[in-house]
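Notes for the one structure printed next.
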Amino acid sequence: MNDRWKKDYYRMTGEKYKNGIKSFVTMRISHQIEYMKLWRKVSEKGNIVDKIRLHRKAKKYGLEISPKAKIGEGLYLGHAFEITVAGGAIIGANVNLHK
């Protein structure tokens, strides 16, 4: 599991990620957590299937964060709808993105 994404998970839930039912259910309920996990995967070494999944989730939730953007660990998507981040953007660690 990506260490940066674990820090994103912690910022959004207040709990450490553990492989188990509770973390899995939390991730499935919270679309921003699921989106960020997939975004981190695609931005580092995503395959075509993951890129398509990310595109579909972006359209569904209005989250358009370019895989080319540089985002530090601990990103918090407080109101994860209608957020756009361009490919050349550089965002530091522990940033809150709100609408």
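The values are calculated or read from the model by the stated rules, or taken from the named source; none is laboratory data. Not measured: the values here are computed from a predicted model. All Cβ positions, glycine included, derive from the backbone under ideal geometry; neighbour counts span all protein chains shown.
For (1) under 23 Å from residue 79 (Cβ atoms); (2) exposed (fewer than 15 other Cβ atoms within 10 Å of the Cβ); (3) in contact with a Lys or Arg (Cβ under 9 Å, 6 or more places away or on another chain); (4) not small (Gly, Ala, Ser), each residue gets a yes or a no:
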| residue | (1), (2), (3), (4) |
| --- | --- |
| 17 | yes, no, yes, yes |
| 32 | yes, no, no, yes |
| 44 | no, yes, yes, yes |
| 51 | no, yes, no, yes |
| 59 | yes, yes, no, yes |
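List pairs: first in the stretch 25-53 and part of a helix (DSSP H, G or I), second modelled with pLDDT under 90 and of a type in the set (Asp, Glu), Cβ under 6 Å, 6+ apart or cross-chain?
Qualifying pairs under 6 Å: 27/34; 36/8.
Determine, yes or no, whether residue 65 is under 12 Å from the mean Cα position of the chain (by Cα) and under 21 Å from residue 14 (Cβ atoms).
no
Can you name the residue in the stretch 65-96 that is among the charged types (D, E, K, R) and loosely packed, with under 14 Cβ neighbours inside 10 Å and, of all such residues, is nearest to residue 51 (Cα to Cα)?
68
Out of (1) over 11 Å from the mean Cα position of the chain (by Cα); (2) within 23 Å of residue 87 (Cβ to Cβ); (3) of a type in the set (Phe, Trp, Tyr), the odd one out for residue 39 is which?
(1)
Quick one: count up the residues across the stretch 61-82 that are of a type outside the set (Ser, Thr, Tyr) and part of a loop (DSSP other than H, G, I, E, B).
The total comes to 13.
Out of all the residues in the stretch 9-19, is one or more in a helix (DSSP H, G or I), under 23 Å from residue 93 (Cβ atoms) and among the charged types (D, E, K, R)?
Yes, there is a match, as at least one residue in the stretch 9-19 is in a helix (DSSP H, G or I), under 23 Å from residue 93 (Cβ atoms) and among the charged types (D, E, K, R).
Name the pairs whose Cβ atoms lie under 9 Å apart, with the first residue in the stretch 1-18 and closer than 15 Å to residue 35 by Cβ, the second part of a loop (DSSP other than H, G, I, E, B) and of a type in the set (Asp, Glu), and 6 or more positions between them or separate chains?
4/73; 5/73; 8/73; 9/15; 11/73
Within the set of pairs 6 or more residues apart or between chains, which connect a residue that is closer than 14 Å to residue 39 by Cα inside the stretch 83-99 to a residue that is outside any strand (DSSP E or B) and at pLDDT below 90 with Cβ atoms less than 8 Å apart?
83/62; 83/99
From the set of residues in the stretch 68-82 that are at pLDDT below 85 and aliphatic (A, V, I, L, M), which is farthest from residue 11 (Cα to Cα)?
This residue is 80.
Any chance the stretch 12-27 includes a residue that's under 13 Å from the mean Cα position of the chain (by Cα) and modelled with pLDDT of 90 or more?
No, the stretch 12-27 has no match at all.
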